[in-house]
């Protein structure tokens with residue numbers, strides 16, 4: 001079954017302006033990454049030095065990006081070309097899908113589903129079931145399964161790829177074998 005992992009990077013403004021959308025399509029049963037999607041979002045605001053240092057996203061990246069509605073339409077085209085029909089989208093933490101919907105939502109037909117499969121919550125449940133602390137980010141969580149983080153932390157595309165990888169690993173952990 002194909003699924004899509006989604007990640008957003010935001011500026012540190014009060015409205016959390018989205019500055020990058022990343023996604024990847026993956027095969028749930030094998031964890032194979034089939035394809036990726038990545039685009040920067042034009043925001044008529046200054047990107048903070050903190051965000052540039054954290055994400056590597058520069059003012060030039062955002063200034064050359066697409067308006068949020070156009071980026072959303074590009075994401076929909078990606079989803080349609082790949083042919084993913086199973087939702088929800090997989091995310092690390094809650095809130096990316098509702099934030100995207102809020103920032104896109106003026107007169108746009110929303111087609112990305114209503115819910116997120118929060119891999120972070122699944123990881124926390126797994127940790128709790130094993131008597132361990134539930135603290136930690138995506139990269140640290142991956143080390144629990146011997147997975148190395150691929151790419152740059154806090155890059156939307158790379159975070160989406162790594163979210164897909166840990167999601168598939170968690171499914172293996174939760175799988176009940178029949179005797």
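Odds and ends about this structure:
- Segment 26-85, relative contact order in percent, only Cα pairs under 8 angstrom and at least six apart counted: 34
- Computed from the alpha carbon atoms alone, the convex hull of the chain holds 126 Å³ per residue.
- Separation of segment 105-125 and segment 15-50, taken as the distance between their Cα centroids, equals 14 angstrom.
- Added length on full extension, which subtracts the Cα-Cα distance from 0.36 nm per residue, residue 52 to residue 13: 12.7 nm
- Nearest 10 degrees, 0 to 90: helix 68-82 Cα axis against the chain principal axis: 40
- Relative contact order for the chain: 28 percent, from Cα pairs under 8 Å spaced at least 6 residues apart, divided by residue count.
- Using a Gaussian network model of the chain in which every pair of alpha carbons under 10 angstrom is joined by a spring, one finds that among 52, 25, 39 the greatest mean-square fluctuation is at 52.
- Degrees separating the helix 119-129 axis from the principal Cα axis of the chain, which is the longest one: 30
- Taking 41, 68, 33 and counting other C-beta atoms within 10 Å, the order from fewest to most: 33, 68, 41
- Estimated 222 nm signal from helices in the chain, with DSSP H stretches of n ≥ 4 weighted -39500 (n - 2.57), rounded to 500: -12000 deg cm²/dmol
Each value in this text was obtained by applying a stated rule to the coordinates, not by laboratory testing. No experiment lies behind these values; they were computed from the predicted model shown. Cβ coordinates were reconstructed from backbone atoms using ideal geometry, including for glycine residues, and neighbour counts include every protein chain displayed.
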